[in-house]
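Step one of this worksheet: look at the structure below.
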Amino acid sequence: MTDDTKCVVCNNSANQKCSGCHLVYYCSREHQKSDWKTHKKICKPYKISTDGEIGRHLVATRDFKPGEIILKEAPLIWGPTQETVPVCLGCGVAINENKYKPCSKCGWPVCGEICEKSPSHIPECQYTVSRGSKMCISTFGTIHPSYQCITVLRCLYQKQFLSEVWKKLDLLESHCEERKNTSKYEKDRTVVAQFILTFFKLRNIFTEEDVLRICGIVNVNGHEVPLTSPPYVAIYETTSMFEHNCRANCNKTFTDKGLVLIKAGTSIKKGDHLSICYTDPLWGTVNRRHHLYESKFFWCSCKRCSDVTELGTYFSAMRCQSSECNGYLLPPTFLINNSNEKPPNWRCSKCCATSTAHHMQDLLDRIGQDLQELPKGESSPAKAFIQTCEKYLHTNHYYLTDVRFALSQLIGHENQRGLPGCSDEDLELKARLCQSLANLLKILAPGESRARGLLLYELHATVAELGRRSGDPYNLNFALQEAKKILQEVAELLKNEPETLQEGKIYKQCLKNLKEIDVVLMTVHKTIGDTPF
């Protein structure tokens, strides 16, 4: 019997493991209860590890099933994004000339008295009062440069007055050395650092390096929180330690109160690294890697990025244009970390025809331009784009996936009659799109529950409508059973989404639809009786 399997209370042999963290043992339920007041402060289903290459990261200490909540965490700091219209500094929502009041102490705009007294507003309020004159914001509805300082100023306040919070912020990566070679660093130096030090008269308290380090911490560790309009940015202590993976095993969302909520997106085994995706998983490999390098200062080489076929989906592949060839062109690798390095030629998987990377990029640029100019909210141009571009791109290509996703949401929402107003052809197209895209997401981004939930929600309604149109009560019964099964999966995928977001609203509607389907199924059952379905 090792020390690890001894009761942490009495040191006797123990075989009862804490179900939360799986790290400590107890000899009895009584000892577990008596230790909970102490243990709950450190009881986490993960542990912090350190690696020379990826730094601090989290490792699961027990197995997780998809959907299990791993972490719920309040932010250390929150504030407006660097480029924002004037917002209330108490709650973060946009304000206008008819809907705000200047803070009675500092002049910064807030919604009202409650927001004026918000603890979040204390840093900029106190620093503004100390400078000797109030802030005056007179233009609304357009990006206001003064707000670039707020979130950084709130972090500086922790450094000066709240050491416990600052210790946690100070442990986060800033990538200052890497940032020094970028235009963003120079902009932060001239626009943010100089403004804060001069306008708030803080040169005797903070150095330029202090401010720029915090700019880096905010840029690298900030999470956009879409609970307000416009979204705000928040920094979380533990969430910042989830490593990146383009095929992450965890999913990030938020509660209505602004807590970040991380749940398992796939089955996770004890000892697995816990990961979230720092970029858009539905971008191509080149775009994902460049975005990560420019925003997080590392080149991703995860399993998905390292595989040019992107796990057999050919998400970035081009069709071979050689006559009678049905192969696909891809380069030998996308892992190029130097813009001065000449990219390799692309080669067909079937006939081995080659094409220069320059030619491939030129074709992609032209298709990308066509995509940008595509009318929004109309299904006909989307269908035409797909039909044209399928001659050049793999069906799963990220450009086509983008348009197919939009089309799957458009069909049935272009007219007031909804799905009943759609043709059979459009309904069947919508069903194929929703199902194929949901299957693609399970391969590329299994942790991305929101997008898959939206697709399956549209699919359930389409399946039910096709069943209704069949005119056969047996077919209707089968279709409704299938729609119910899909809806149950949607409910599981979206159950933790906040009510303020579209996904949260769809979850509530999903529960309502499940009850309605049960009512209809009972009616159908009275007509056809028991069926083998």
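Checked against (1) surrounded by fewer than 20 Cβ atoms within 10 Å (Cβ to Cβ); (2) modelled with pLDDT of 95 or more, residue 490 meets all criteria but (1).
Determine if region 453-476 includes at least one residue that is under 19 Å from the mean Cα position of the chain (by Cα), within 23 Å of residue 252 (Cβ to Cβ), surrounded by fewer than 17 Cβ atoms within 10 Å (Cβ to Cβ) and not aliphatic (A, V, I, L, M). Within region 453-476 (the criterion being under 19 Å from the mean Cα position of the chain (by Cα), within 23 Å of residue 252 (Cβ to Cβ), surrounded by fewer than 17 Cβ atoms within 10 Å (Cβ to Cβ) and not aliphatic (A, V, I, L, M)), the answer is no, since none of the residues qualifies.
Each residue in region 149-184 was checked for being modelled with pLDDT under 95 and among the charged types (D, E, K, R), and 6 pass. Taken together, 408, 349, 379 contain a single residue that is surrounded by 13 or more Cβ atoms within 10 Å (Cβ to Cβ) and either assigned by TED's automatic domain parsing to the domain that holds residue 464 or under 25 Å from the mean Cα position of the chain (by Cα) (or both), which is 408.
With respect to residue 186, is the statement that it is part of a helix (DSSP H, G or I) and in contact with a Lys or Arg (Cβ under 8 Å, 6 or more places away or on another chain) true? No; evaluated as a whole, the condition is false for this residue. The sole residue among 164, 124, 113, 83 that is of a type in the set (Asp, Glu) and touching a helix residue (DSSP H, G or I) at 6+ places or on another chain (Cβ under 7 Å) is 124. In region 144-169, of all residues being without any contact (Cβ under 8 Å) to a residue 12 or more places away in the chain and over 19 Å from residue 203 (Cβ atoms), the one that is surrounded by the fewest Cβ atoms within 10 Å (Cβ to Cβ) corresponds to 164. Could you tell me whether residue 31 is surrounded by 14 or more Cβ atoms within 10 Å (Cβ to Cβ) and assigned to a helix (DSSP H, G or I)? Considered against the rule, which asks whether it is surrounded by 14 or more Cβ atoms within 10 Å (Cβ to Cβ) and assigned to a helix (DSSP H, G or I), residue 31 comes out as yes. Residue 310 falls short on exactly one of the conditions (1) surrounded by 15 or more Cβ atoms within 10 Å (Cβ to Cβ); (2) among the acidic types (Asp, Glu); (3) closer than 30 Å to residue 235 by Cα, and that condition is (3). Would you confirm whether any residue within region 188-205 is assigned by TED's automatic domain parsing to the domain that holds residue 85, touching a Gly at 6+ places or on another chain (Cβ under 9 Å) and under 27 Å from residue 93 (Cα atoms)? Yes: one or more hits. Being in contact with a Lys or Arg (Cβ under 8 Å, 6 or more places away or on another chain), acidic (Asp, Glu) and either under 30 Å from residue 229 (Cβ atoms) or modelled with pLDDT of 95 or more (or both) is true of residue 497. Out of 371, 410, one residue alone is modelled with pLDDT of 95 or more and more than 30 Å from residue 322 (Cα to Cα). It is 410.
Within region 87-111, the set of residues being in a loop (DSSP other than H, G, I, E, B) and more than 13 Å from residue 147 (Cβ to Cβ) comprises 90, 91, 93, 97, 98, 100, 103, 104, 105, 106, 107, 111. One residue alone among 436, 449 is under 30 Å from residue 286 (Cα atoms) and buried (at least 20 other Cβ atoms within 10 Å of the Cβ), and that residue is 449.
With respect to (1) within 23 Å of residue 442 (Cα to Cα); (2) surrounded by fewer than 22 Cβ atoms within 10 Å (Cβ to Cβ); (3) among the charged types (D, E, K, R); (4) under 23 Å from the mean Cα position of the chain (by Cα), the lone exception for residue 485 is condition (4).
Within region 497-532, the set of residues being of a type in the set (Asp, Glu) and not in a loop (DSSP other than H, G, I, E, B) comprises 503, 516, 518.
Considering only residues that are over 29 Å from the mean Cα position of the chain (by Cα) and among the polar types (S, T, N, Q), look in region 170-205 and name the one that is surrounded by the fewest Cβ atoms within 10 Å (Cβ to Cβ). Ranking the candidates gives 204 first.
For region 26-58, a residue qualifies if it is modelled with pLDDT under 80, within 30 Å of residue 243 (Cα to Cα) and among the aromatic types (Phe, Trp, Tyr), and exactly one does: 36. Do we find that residue 393 is in contact with a strand residue (DSSP E or B) (Cβ under 7 Å, 6 or more places away or on another chain), within 30 Å of residue 254 (Cα to Cα) and modelled with pLDDT of 95 or more in this structure? Considered against the rule, which asks whether it is in contact with a strand residue (DSSP E or B) (Cβ under 7 Å, 6 or more places away or on another chain), within 30 Å of residue 254 (Cα to Cα) and modelled with pLDDT of 95 or more, residue 393 comes out as no. Screening residue 526 on (1) under 24 Å from residue 427 (Cβ atoms); (2) free of Cβ contacts under 8 Å to residues at least 40 places away in the same chain shows it passes everything except condition (1). Total residues in region 428-450 satisfying the condition of being under 19 Å from residue 310 (Cα atoms) and not polar (S, T, N, Q): the figure is 11. Looking only at region 189-240, filter to residues that are part of a strand (DSSP E or B) and among the aliphatic types (A, V, I, L, M); which one of those is nearest to residue 166 (Cα to Cα)? Of everything passing the filter in region 189-240, 235 is nearest to residue 166 (Cα to Cα).
Just the residues that are touching a residue at least 12 places away in the same chain (Cβ under 8 Å), more than 19 Å from residue 60 (Cα to Cα) and of a type outside the set (Ser, Thr, Tyr), please, taken from region 258-286. Across region 258-286, the qualifying residues are 258, 259, 281, 282, 283, 284, 286. Being in contact with a helix residue (DSSP H, G or I) (Cβ under 6 Å, 6 or more places away or on another chain), over 17 Å from residue 450 (Cβ atoms) and crowded, with 22+ Cβ neighbours inside 10 Å is a condition met by at least one residue of region 220-228.
For residue 401, the requirement of being outside any helix (DSSP H, G or I) and at pLDDT 95 or above is not met. Here residue 85 passes the criteria (1) over 31 Å from the mean Cα position of the chain (by Cα); (2) surrounded by fewer than 22 Cβ atoms within 10 Å (Cβ to Cβ) except the one numbered (1).
Among the residues of region 110-153, just one is in contact with a Pro (Cβ under 6 Å, 6 or more places away or on another chain), within 17 Å of residue 96 (Cβ to Cβ) and among the β-branched types (Val, Ile, Thr), namely 137.
The values are calculated or read from the model by the stated rules, or taken from the named source; none is laboratory data. Treat the numbers as computed from the prediction; the structure is a model and nothing was measured. Neighbour counts run over all protein chains shown; Cβ positions are idealised from the backbone, glycine included.
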